[in-house]
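Colleague: Have a look at the structure that comes next, please.
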Amino acid sequence: MKKDIILAGVGGQGILSIATIIGAAAVELGMHLKQAEVHGMSQRGGDVQSHLRISDNPIASDLIPQGKADLVISIEPMEALRYLPWLSNDGWVITNTEPFINVPNYPEKETVLAEVKKIKQHVMLDAEKIAKDLGNIKVANVVILGAASPYLGIAFDKLETAIREMFGRKGDDVVNLNLEALRAGAKIAKELN
Amino acid sequence: MKKALLLGDEAIAQAALDAGISGVYAYPGTPSTEIATYIQNSQQAKDGKVHSIWSANEKTAMETAIGMSYAGKRALCCMKHVGLNVAMDPFVNSAITGANGGLVYLIADDPSMHSSQDEQDSRALAKFAFIPCFEPSNQQEAYDMMFDAFDLSEKMQIPVMMRITTRLAHSRAGVTRCEPRKQNDVKLHPNPKQFILLPAIARKQYNELLEKQPALETASENSKYNVYTDGSDRSLGIIACGLAYNYLMENYQDEPCKHPILKVSQYPLPRKAIEKITKECKEILVIEDGYPVYEEFLKGYLNQGPAVKGRLDGTLPRVGELNPNIVAKALGMPATRGEDVPALVVSRPPSLCKGCPHIDTYKALNEVMEERGKGKVFADIGCYTLGALPPYNAIYACVDMGASITMAKGASDAGSLPAVAVIGDSTFTHSGMTGLLDCVIEKTNVTIIIVDNSTTGMTGGQISHAYGRLEHICEGLGVEKEHIRIVTPLPKNHAEIVNILKEEIAYQGVSVVIPRRECIQTIGRSKTYN
């Protein structure tokens, strides 16, 4: 099994937490992993991405070649579009529909979503609304991860275990909130496809 | 031992601890910061009483590491590439004195300038200083190499560079650890005279350094990190340096490469392997993630040897970070690019955080400077450099750490007034203090705004050496007390900040204005080492 995943968003939206959860699950399964992150200046409200590669075999490059990504997982709809050159012909885009507007020339939300709809295989969801309904808007990133879970090639319970390990120190409430977010996202993805 | 999932920086930090360092010395700088941070948070480092507190700048960091080496213990000194410019004096001269305890300089380059003002290649400086250089191709190799780097440093009595790039520094992979090695005891050098660089001794030591070079070349030839893989198609031979090797191999996942490949991860170049590949192959492709340092070296000025391809002849782009696609193109492989980015996607540059104190300072400064004309504000390296971007457009120049104060002095000397500097608290103690002393000595007409957010913000909120002593430093350097003005940058204090700036700009001498409010990212974090 081999998955090349681009995680996208804006600095501070929590793409690294998603990467950590997938990474922990993959390592638990004995898989190889490489995950290139963005630190430094771009973290200040700029566009950020992480190249996450998991495979049963050793991985050469830290960066995913263009046209080879199996998945683009984005916490922001315009950011999902930025990485289309990396998406493979049969790849999936899983994205939040709620824009993060911190530039004056951000395009109309509807035109952005119309572009996402043109992508052959996509899952769109309002992760922030779902997170808010669960009680904390901060778990929107984990909702998105849940929506991506059917396409990861990793058993769902392994992701749950990774969440328990990652948030265990913060107490049961935080663990349960994140598990609920993961399940809510997964449920929507199944309903949509 | 179970694999740990580590950033390249973290793998290097763990390796240095396991190789028995007694201290890490560093100033924060992307992409090297996480090395020292990891050691600061490590229980193993605490148990071993490994020094890990930040230094004031890269020069003090390197000199302290050198002192630890002279005392017989192992020391790691880390910095970003431009930090090495600051530390150039101890860097070059410690090669002349030689090392005692293992001494490794970890330099993190930033091709494509993700978070830097240039993309200089530190391998060229290792060559310049006549010291060996390791360039890992992945996280595990970075871990393993650190042991060899320290061993080579002690065996050859020479500082050793390990050069990485942003991509390796900030990429995570599984790393298997080795058994930790004990720290060295204090052990003075039997011939300490070599550490005294009086001209007569320096001349002798310089010759000794040159005499070490053949042995360093032999070490490279025998290095397990320099690997020759033969191939049947000798129309092309490929020399892949450091991380570039991964981008090369990414393109041969389905079928093996038919061309001979020489992977280079230890310098000076392994001469015998270079001679073999250039003799056997019709053309040579050199792939380096940085400057075409060794491509140019192999090509030579007269370019009369075998054809050497790479960044200089357009086979690879002349500038910027490499990736698998760029290397594929150089090998004549078809492009794999997916769909184009839709036209409506706009760029999203970094910006000051919502609620950042620098916003309030720039709003007031822009109002004051409005009637005083453009081109009067010199800024520095840090989050506040973002004041160069809209909506502020507040800055005329930004060059290097500490330069705001001295550039403003130069402008003032030239008669371009008012002359205003904007510098952060940590950048000020890094290398702004000496420039301020120059201003004080001459009573230069400058207004220096030290934006004090009580942290080293851009690199993630490390402790600032200026914390709790900023105005005392200014006073100690001779700034008049009544012209050191402290204000809280908040929207409600806008009129007060504007007034203070106007008054101090009107003053025909050295003024320091300190807008002081903590970085909103670090609120609640401890600001001292206790």
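A short reminder: the numbers here are calculations on the coordinates, not readings from a lab. Bear in mind that the values here come from a model prediction, so they are computed numbers and not experimental data. Don't worry about glycine lacking a Cβ; one is built from the backbone with ideal geometry, like all the others, and counts go over all protein chains shown.
Colleague: For the range A:145-193, what number results from the quotient of the Cα radius of gyration and 2.2 N^0.38 Å? Walk me through the numbers on the way to the answer.
Modeller: On the way: Rg = 11.0 Å, N = 49, 2.2 N^0.38 = 9.7 Å.
Compared with the compact-globule rule of thumb, the range A:145-193 sits at 1.14.
Colleague: Out of B:ILE450, B:LEU7, B:VAL479, whose Cα points farthest toward the positive end of the dipole of the protein assembly as shown (charges: +1 Lys, Arg; -1 Asp, Glu; placed on Cβ)?
Modeller: B:LEU7
Colleague: Exposure proxy check: B:LYS363, B:LYS299 ranked by fewest other beta carbons within 10 Å? Each step should come with its number before you reach the end.
Modeller: Numbers: B:LYS363 18, B:LYS299 21.
Ascending Cβ contact count within 10 Å gives the list B:LYS363, B:LYS299.
Colleague: Normalised by the empirical 2.2 N^0.38 Å for globular proteins, what value does the Cα Rg of the range B:6-90 take? Don't skip to the answer; put the middle values down first.
Modeller: Details: Rg = 11.8 Å, N = 85, 2.2 N^0.38 = 11.9 Å.
Here the Cα radius of gyration is 0.99 times the empirical estimate.
Colleague: Along the principal axes of its C-alpha atoms, what lengths does the range B:253-296 span, in descending order and rounded to whole Å?
Modeller: Computed over the range B:253-296, the largest-to-smallest principal extents equal 31, 24, 18 Å.
Colleague: Please label the shape of chain A as rounded, prolate or oblate, based on the square roots a ≥ b ≥ c of the eigenvalues of the alpha-carbon gyration tensor (a/c under 1.5 means rounded; beyond that, a/b larger than b/c means prolate, else oblate).
Modeller: On the way: a/c = 1.38, a/b = 1.08, b/c = 1.28.
Taking the square roots of the gyration eigenvalues as a ≥ b ≥ c, chain A is rounded.
Colleague: If we count every other residue with Cβ under 13 angstrom of B:VAL346's Cβ, Lys/Arg +1 and Asp/Glu -1, where does the sum land?
Modeller: Numbers: positive: A:ARG82, B:ARG348; negative: A:ASP47, A:GLU76, A:GLU79, A:GLU108, A:GLU115.
Charge balance near B:VAL346 sits at -3.
Colleague: Provide the per-residue ³J(HN,Hα) series for the range B:97-108, in order, calculated from phi with Karplus coefficients 6.51, -1.76, 1.60 and θ = phi - 60°, each as a whole number of Hz, with x at glycine and proline positions.
Modeller: So the J values, rounded to whole Hz, are 6, x, 9, 10, x, x, 10, 10, 9, 9, 10, 9.
Colleague: Any idea how far apart B:ARG372 and B:LYS258 come out in nm if each label point goes 7 Å out from Cα toward Cβ?
Modeller: So the label points at B:ARG372 and B:LYS258 sit 6.9 nm apart.
Colleague: What are the ³J(HN,Hα) values, in whole Hz, obtained from phi via the Karplus relation 6.51 cos²θ - 1.76 cosθ + 1.60 with θ = phi - 60°, for each residue of the range B:312-324 in sequence order, with x given for Gly and Pro?
Modeller: Values per residue, Gly and Pro as x: 7, 9, x, 4, 10, x, 5, 10, x, 5, 7, 7, x Hz.
Colleague: Would you compute, from DSSP H runs of 4+ residues alone, the mean residue ellipticity of chain A at 222 nm, taking -39500 (n - 2.57) per run and dividing by the full residue count, rounded to the nearest 500?
Modeller: Working: 7 runs with 80 residues, N = 193.
After summing the helix terms and dividing by residue count, I get -12500 deg cm²/dmol.
Colleague: According to a simple spin-label model (label point 7 Å from Cα along Cα-to-Cβ), what is the distance in nm between B:VAL399 and B:LEU312?
Modeller: 3.0
Colleague: What does the charge count near B:MET162 come to, summing +1 for each Lys or Arg and -1 for each Asp or Glu among other residues with Cβ under 12 Å from its Cβ? Before the final figure, lay out the partial values.
Modeller: Details: positive: B:ARG123, B:ARG163; negative: B:ASP9, B:ASP109, B:GLU135, B:GLU141, B:ASP144, B:ASP148.
Net of charged neighbours comes to -4.
Colleague: If a/c stays under 1.5 just call it rounded; otherwise compare a/b with b/c (prolate if a/b is bigger, oblate if not). Do that for the range B:451-530, with a ≥ b ≥ c from the square roots of the Cα gyration tensor eigenvalues. Mind dumping the intermediate values first?
Modeller: Details: a/c = 2.88, a/b = 1.46, b/c = 1.97.
Because a/c hits 1.5 or more and a/b fails to exceed b/c, the range B:451-530 counts as oblate.
Colleague: Rounded to the nearest 0.05, what FRET efficiency do B:ASP89 and B:ALA56 have when you use their Cβ-Cβ distance and R0 = 22 Å? Could the numbers behind the result be given before it?
Modeller: Values: r = 15 Å, r/R0 = 0.69.
Plugging the Cβ-Cβ distance into 1/(1 + (r/R0)^6) gives 0.90.
Colleague: Whole number please: convex hull volume per residue of the Cα set in chain B, in Å³?
Modeller: On the way: hull volume 99.9 nm³, N = 530.
Per-residue hull volume (Cα only) is 188 Å³.
Colleague: Please name whichever of B:ALA388, B:PHE378, B:LEU316 sits farthest to the positive end of the charge dipole of the range B:289-389, dipole taken about the Cα centre and charges placed at Cβ: Lys and Arg +1, Asp and Glu -1.
Modeller: Positive-end residue among those listed: B:LEU316.
Colleague: Divide by every residue of chain B the summed helix terms, -39500 (n - 2.57) for each DSSP H run of at least 4, and state the resulting mean residue ellipticity at 222 nm, rounded to the nearest 500 deg cm²/dmol.
Modeller: Values: 21 runs with 198 residues, N = 530.
Taking each H run of at least 4 residues, the total per residue is -10500 deg cm²/dmol.
Colleague: Within chain B, what is the longest stretch that has no chymotrypsin sites (Phe, Trp or Tyr not before Pro) placed in a DSSP loop and near at most 10 other beta-carbon atoms within 10 Å? Please list the in-between numbers first.
Modeller: Working: sites that count: B:TYR301, B:TYR529.
The longest such stretch corresponds to B:1-300.
Colleague: Less than 15 Å from a label point 7 Å out along the Cα-to-Cβ axis of B:LYS155: which backbone N atoms in the range B:96-123 qualify, by residue?
Modeller: B:102-103
Colleague: Averaged over peptide A:76-86, how many Cβ atoms belonging to another chain are found within 10 Å of each residue's Cβ?
Modeller: The shielding value for this peptide is 4.
Colleague: Sorted from largest down, what three extents in whole angstroms do the Cα atoms of the protein assembly as shown have along their principal axes?
Modeller: Principal-axis extents of the protein assembly as shown (Cα, largest first): 70, 69, 53 Å.
Colleague: Given the pairs B:LYS59/B:LYS443; B:LYS409/B:LYS502; B:LYS80/B:LYS212; B:LYS363/B:LYS409; A:LYS129/A:LYS190, which are separated by over 20 angstrom at their Cα positions? Please report the intermediate quantities before stating the final value.
Modeller: On the way: B:LYS59/B:LYS443 28 Å; B:LYS409/B:LYS502 18 Å; B:LYS80/B:LYS212 27 Å; B:LYS363/B:LYS409 23 Å; A:LYS129/A:LYS190 18 Å.
From the list (B:LYS59/B:LYS443; B:LYS409/B:LYS502; B:LYS80/B:LYS212; B:LYS363/B:LYS409; A:LYS129/A:LYS190), the Cα-Cα distance tops 20 Å for B:LYS59/B:LYS443; B:LYS80/B:LYS212; B:LYS363/B:LYS409.
Colleague: Using the alpha-carbon atoms, what tilt in degrees (0 to 90, nearest 10) does helix B:357-370 show relative to the longest principal axis of chain B?
Modeller: Roughly 60 degrees, rounded to the nearest 10.
Colleague: Determine the sum of side-chain charges near B:GLY424: Lys and Arg each +1, Asp and Glu each -1, restricted to other residues whose C-beta is under 11 angstrom from that of B:GLY424. It would help to have the intermediate numbers written out before the result.
Modeller: On the way: positive: none; negative: B:ASP380, B:ASP425, B:ASP452.
It works out to a net charge of -3.
Colleague: How much length, in nm to one decimal, is gained on full extension between A:LYS170 and A:LYS117, taken as 0.36 nm per residue of separation minus their Cα-Cα distance? Don't jump to the answer; show the numbers that get you there.
Modeller: Details: separation 53, 0.36 × 53 = 19.08 nm, distance 3.78 nm.
Net length gain for the segment: 15.3 nm.
Colleague: Taking square-rooted eigenvalues a ≥ b ≥ c of the alpha carbon gyration tensor, is the range B:1-150 rounded, prolate or oblate, where a/c under 1.5 means rounded and, failing that, a/b exceeding b/c means prolate? Walk me through the numbers on the way to the answer.
Modeller: Working: a/c = 1.42, a/b = 1.12, b/c = 1.27.
It is rounded, given that a/c, with a ≥ b ≥ c, falls under 1.5.
Colleague: Please give the residues of the range B:66-83, grouped as numeric ranges, whose backbone N is less than 19 Å from a label point set 7 Å along the Cα-to-Cβ vector of B:VAL186.
Modeller: Under cut-off, by backbone N: B:66-76.
Colleague: For the range A:94-99, what does the Karplus curve 6.51 cos²θ - 1.76 cosθ + 1.60, with θ = phi - 60°, yield as ³J(HN,Hα) per residue in whole Hz, taken in order and with x for Gly and Pro?
Modeller: For the range A:94-99, the Karplus-derived couplings read 10, 9, 5, 9, 8, x Hz, x marking Gly and Pro.
Colleague: Based on alpha-carbon atoms only, what is the radius of gyration of the range B:102-234 relative to the globular estimate 2.2 N^0.38 Å?
Modeller: Details: Rg = 17.4 Å, N = 133, 2.2 N^0.38 = 14.1 Å.
In units of the 2.2 N^0.38 Å rule of thumb, it is 1.23.
Colleague: Now, a different point. Below 23 Å, Cα to Cα, which lysines can B:LYS279 reach? Residues fewer than 8 away in the same chain don't count.
Modeller: Of all the lysines, those that pass the test against B:LYS279 - Cα under 23 Å, at least 8 places apart if same chain - are B:LYS224, B:LYS258, B:LYS263, B:LYS299, B:LYS309.
Colleague: Kindly state, as a whole number, the per residue volume in cubic angstrom of the convex hull around the alpha carbon atoms of the range A:92-193.
Modeller: Details: hull volume 11.0 nm³, N = 102.
Looking at the range A:92-193, the number lands at 108 Å³ per residue.
Colleague: Can you grab the distance from the C-alpha centre of the range B:444-484 to the C-alpha centre of the range B:381-431, Å, no decimals?
Modeller: Cα centroid to Cα centroid, the span is 14 Å.
Colleague: What does a probe at B:GLU283 reach in the range B:222-257, counting residues whose amide N is under 19 Å from the point 7 Å along Cα→Cβ?
Modeller: Within reach of a label on B:GLU283: B:231-241, B:248-249, B:251-252, B:257.
Colleague: If you don't mind, another one. With a 10 Å cut-off between alpha carbons and a GNM built on chain A, which of A:LYS118, A:LYS132, A:LYS109 moves the most?
Modeller: Result for chain A, Cα springs under 10 Å: A:LYS118 fluctuates most.
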